[in-house]
Amino acid sequence: MIRPANIHDPAALADLRYAFRAEMRQPLESRDQFLVRCVPWMESRLVSNSTWFCWVAEEGGAVVASLWLSLIEKIPNPGPELEWHAYITSVYVHPASRGRAVARGMIEAALAFSRERGVDSVILWPSELSRPLYARHGFRQPGDMLEAALDPGREG
């Protein structure tokens, strides 16, 4: 079942975030240290009227996947463009729940939300493995975007 995250989810969400990033590279802090930092951050985003939103997938009452979306307000313009962007990040499905269209369901929920909110475009940074999934939902490489990676420790 896909649903919006709520105030009861931050501990599970932070645990998924740790697992997601630990799969990519060796963590610099322990799981417990990370949870102390991450749970309050997630709680504050879920309870306030912020620009952050999250969807989860549940199986057997447990949160097994998450997708975070941040709305980015654009400067008003006089043209026919919508005045919001959305940024999707931290899309993660627990390994035991992969291959069941869980990510697809969360992406569809986030895109429907974005359409309802009048979002002009949605951006994300996919992994090599996730590119086909996003392509099936209309994501393409833009020809009009540049990135300056400022973190000297970032790979790729």
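The values are calculated or read from the model by the stated rules, or taken from the named source; none is laboratory data. Keep in mind the model is a prediction, meaning the values are calculated, not measured. When we count neighbours, we look across all protein chains shown, and the Cβ atoms used for this are built from the backbone with ideal geometry, even at glycine. SASA here: full protein model, heavy atoms, side chains in, ligands and nucleic acids out. Shrake-Rupley method; radii C 1.70, N 1.55, O 1.52, S 1.80 Å.
Take every Cα pair under 8 Å whose residues are at least 6 apart in sequence, average their separation, divide by the length of region 1-66, and the relative contact order is 48 percent.
Ordering LEU124, LEU150, MET106 by Cα displacement along the dipole of region 102-156 toward the positive end leaves MET106 in first place; charges were set at the Cβ atoms of Lys, Arg (+1) and Asp, Glu (-1).
Computed on the chain, with alpha-carbon pairs under 8 angstrom and 6+ residues apart, the relative contact order is 20 percent. Between the Cα long axis of helix 10-24 and the first principal axis of the chain there is an angle of about 80°, rounded to the nearest 10. Restricting the chymotrypsin sites (Phe, Trp or Tyr not before Pro) of region 7-83 to loop positions (DSSP other than H, G, I, E, B) with no more than 12 neighbouring Cβ atoms within 10 Å leaves nothing.
Enumerate the residues in region 33-67 having an amide nitrogen under 18 Å from the point lying 7 Å beyond the Cα of ALA22 toward its Cβ. Only 33-40, 63-66 fall inside the zone, counting backbone N under 18 Å.
Average projection, convex hull of the Cα set of region 54-103: 4.6 square nanometres.
Carbon and sulfur together cover what percent of the accessible area of region 1-150 at a 1.4 Å probe radius?
56 percent
Rg/Rh, computed from the Cα trace of region 12-62 with Rh as the Kirkwood radius, has the value 1.00. The C-alpha atoms of region 109-156 occupy a region whose extents along the principal axes are 37, 23, 20 Å, arranged from largest to smallest. Note that the chain presents 65 Å² accessible area per residue, ligands and nucleic acids not counted, probe 1.4 Å. Once both axes come from the Cα atoms, what is the angle between helix 102-116 and the longest principal axis of the chain, in degrees from 0 to 90, rounded to 10? Roughly 40 degrees between the two axes. Among 117-125, 105-113, 22-30, 142-150, sorting by the average number of other beta carbon atoms lying within 10 angstrom of each residue, highest first, gives 105-113, 117-125, 22-30, 142-150. Taking all Cα-Cα distances within the chain, those exceeding 20 Å account for 54%.
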